[in-house]
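Colleague: The following block contains the structure, expressed as structure tokens.
The values are calculated or read from the model by the stated rules, or taken from the named source; none is laboratory data. The shown structure was predicted, so the numbers you read here are calculated from the model rather than taken from an experiment. Here the Cβ positions follow ideal geometry from the backbone for every residue, glycine too, while neighbour counts run over all protein chains shown. Quick note on the areas: whole protein, heavy atoms, side chains included, nothing else; ligands and nucleic acids left out. Shrake-Rupley method; radii C 1.70, N 1.55, O 1.52, S 1.80 Å.
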Amino acid sequence: MSTAAPPADWHRLDPRTVLVTALVVAGVVAGAAIPVTLGLTRWSSLPVAVLQVLAGALLVIGVAAGADRVRWHRTRYRIGTERVDLHTGLLLVKRRSLARSRIRTVDLTANLMLRLLGLVTVRIGTGEQGSESTLVLDPVTRAEGERLRLLLLERAATASPGVHREGELAVLDPRWIRYAPVSFVAPMLGGAAAGAVMQVSDWIGAQGQVIEWVGDRFRETPLLWTIIVLVLAALVAGVVGALGLWIEMWWNYRLEREAGGTLRVRRGLFTSRSISVEEARLRGVDLVEPLGVRLLGAARLDAITTGLAKDHEARNADHNTLLPAAPRTRADSVAADVLREPDTPTGAALTPHPRAARGRRLRWSLAAALAPVLILTLLGALLTPVLLWIALGCAVVAVPVAVALALDAYRALGHALSGRYLVTRSGTVRRSTAALERAGVIGWTVKQSVFQRRAGLLSITATTAAGGGAYTAYDTDASEGLTFAADAVPGLLEPFLERSPKGA
């Protein structure tokens, strides 16, 4: 197989990709070797099982490295004046091309192995849906990755109106780690840890012994206390996991504004990430306050922007987060700097919504809380009185919580116009205060159910090509909501409004 270099205007990936693949596969094989070896000892002796696993490991590593060697040889890319081209494939050659004028993101990532070798993965995207809108160069040298990022995001520098500063906008404060344990990630990781223990024990045929061991530890303990202790243990494991995940994701965090109008977020302990957002594509910010974080007076800041990568991998990588959970005052100040405003729109005084909106939330919340109570009551009447006591306990706990959450959700409702931005706020478990640039609104959606009509309410949604695509002011006063939309974007909604004649 010839390894002749491609033409001068074409470039190859870094040849050390073969080494990276071999080492990564070796790590995966090593992690699976112990449970596989123990499993094979059911049918053969330990030395034979070890030799079988070793031979299989060498075969898997060799095949993976060989396949990646072929991929490297058959992959090349070119940065032209108008397009970026990527050709890859052995029998079926894939030729993909992106117009440079449509490129919106050039993100760099590097796991620990790539960082040790001075390599990065470059993701070039147009921000459209689907994998066809993204080209991945995996890997190239860090210097080449930085060159591509600057080259492909190069824009004519334009002065933006308003107060702003260049350079560093925010940097990591290690004290922000205190918000990690109160996020929803902690209980999820705790449950995952418990599930992992049971799964691994099942792989090695020891699940029964694990259950028996736990039963022996709590043989003299009442069932209720046993459940409480196990839940607390899972939560502790979840908190430890949440702290570790936060450190991995946000260590070395830095938010900067670069020359030419690009916001750049860099973060990561073992896996470094560099995410760029063109200010020309920025349409606002979203101040997000999950319940636990909000109780500690903190919030995170997300970008509302067009053109962020939207393929499967990017959607799961916090690509739109500009600031991790931080004190609310700090989040507001960063929002002002990002938007080049003297005062952040997310801190504007909001118009409260009518009391009828509070009644709707109370009814929804109580219905959700009492539905399982009703089911338990019916089953208790038919089967056993024990379920009646369980239903009573659920009602005693769920009803006050439901009322508290409903009242909190009502207090969160609000909308306002703040300079160039319209602001909407809603949510309780996840409160969101979105400041959307009025020029970025492309339409309005007005919804009014039968029950809303009777209460004189409606929900009005600003549609946009940025962010989540829709930002809603829920259960506003009917006339007030329509006036809000009409004032936010003059001329867009007026043709559909019925106005009373003067003097009527």
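Colleague: What helices in the chain pass both tests, a Cα length along the helix axis of 30 Å or more and a mean Kyte hydropathy of 0.5 or higher, using whole DSSP H runs? Don't jump to the answer; show the numbers that get you there.
Modeller: On the way: long enough: 17-40 (33 Å, 2.22); 46-73 (40 Å, 1.31); 223-250 (40 Å, 2.22); 355-382 (40 Å, 0.87); 385-412 (40 Å, 1.85).
Once both thresholds are applied, what remains is 17-40, 46-73, 223-250, 355-382, 385-412.
Colleague: Another one. Mind jotting down the three principal axis lengths of the chain based on Cα atoms? Whole angstrom, largest first.
Modeller: Here the spans come out as 90, 74, 43 Å, largest first.
Colleague: Please report the net charge: other residues with Cβ closer than 9 Å to the Cβ of Arg266, K and R +1, D and E -1.
Modeller: Working: positive: Arg254, Arg264, Arg267, Arg273; negative: Glu256.
That works out to +3.
Colleague: Leaving ligands, DNA and RNA out of it, report the carbon-plus-sulfur percent of the accessible area of the chain at a 1.4 Å probe. Can you show the working numbers first?
Modeller: Details: 17210 of 26510 Å².
After summing per-atom areas, the C and S share lands at 65 percent.
Colleague: Please compute, over every Cα-Cα pair in segment 382-430, the percentage with a separation greater than 12 angstrom. Walk me through the numbers before you get to the answer.
Modeller: Numbers: 847 of 1176 pairs.
That tail contains 72 percent of the Cα-Cα pairs.
Colleague: Relative contact order of the chain: what whole-number percent is it, with Cα pairs under 8 angstrom and at least 6 residues apart? Could the numbers behind the result be given before it?
Modeller: Numbers: 832 pairs, mean separation 56.3, N = 504.
Reported as a whole number, the value is 11 percent.
Colleague: Once you put a point 7 Å from the Cα of Ser97 and another 7 Å from the Cα of Glu258, both along the Cβ direction, what distance in nm separates them?
Modeller: 2.6 nm
Colleague: Testing the spin-label approximation: label points 7 Å from Cα along Cα→Cβ at Asp487 and Leu392. State their distance in nm.
Modeller: Placing both labels 7 Å along Cα→Cβ, they lie 5.4 nm apart.
Colleague: In vacuo Debye scattering of segment 272-431, one point per C-alpha: log10 I(q)/I(0) at q = 0.09, 0.14 Å⁻¹?
Modeller: -0.45, -0.84
Colleague: May I ask you to work out the translational diffusion coefficient for segment 215-280 at 20 °C, viscosity 1.002 mPa s, via Stokes-Einstein with Rh from the Kirkwood sum over Cα pairs, reported in whole µm²/s?
Modeller: Values: Rh = 15.3 Å.
The diffusion coefficient I find is 140 µm²/s.
Colleague: Given a Förster distance of 30 angstrom, what is the FRET efficiency for Arg430 paired with Leu172, based on the Cβ-Cβ distance and rounded to 0.05? Kindly include the intermediate steps, with their values, before the conclusion.
Modeller: Numbers: r = 24 Å, r/R0 = 0.79.
My answer for the efficiency is 0.80.
Colleague: So how far apart, in nm, are the two label points at Ser44 and Trp364 if each is 7 Å from Cα heading toward Cβ?
Modeller: 6.1 nm
Colleague: To continue, here is another question. Not counting the cut sites, what is the longest span of the chain without trypsin sites (Lys or Arg not before Pro) that DSSP labels loop and that have at most 13 other Cβ atoms within 10 Å? Mind showing how you got there, number by number?
Modeller: Working: sites that count: Arg42, Arg155, Arg165, Arg219, Arg499, Lys502.
Counting only loop sites that pass the neighbour cut-off, the longest clear stretch is 220-498.
Colleague: Roughly speaking, what is the stretch gain from Leu269 to Leu58, that is 0.36 nm per residue apart minus the C-alpha to C-alpha distance, in nm to one decimal?
Modeller: Roughly 72.9 nm would be gained on extension.
Colleague: What accessible area, in Å² to the nearest ten, does a 1.4 Å probe give for His11?
Modeller: Probe radius 1.4 Å; accessible area of His11 about 70 Å².
Colleague: In square angstrom, what is the accessible area per residue of the chain with a 1.4 angstrom probe?
Modeller: Values: 26510 Å² over 504 residues.
Averaged over the residues of the chain, the accessible area is 53 Å².
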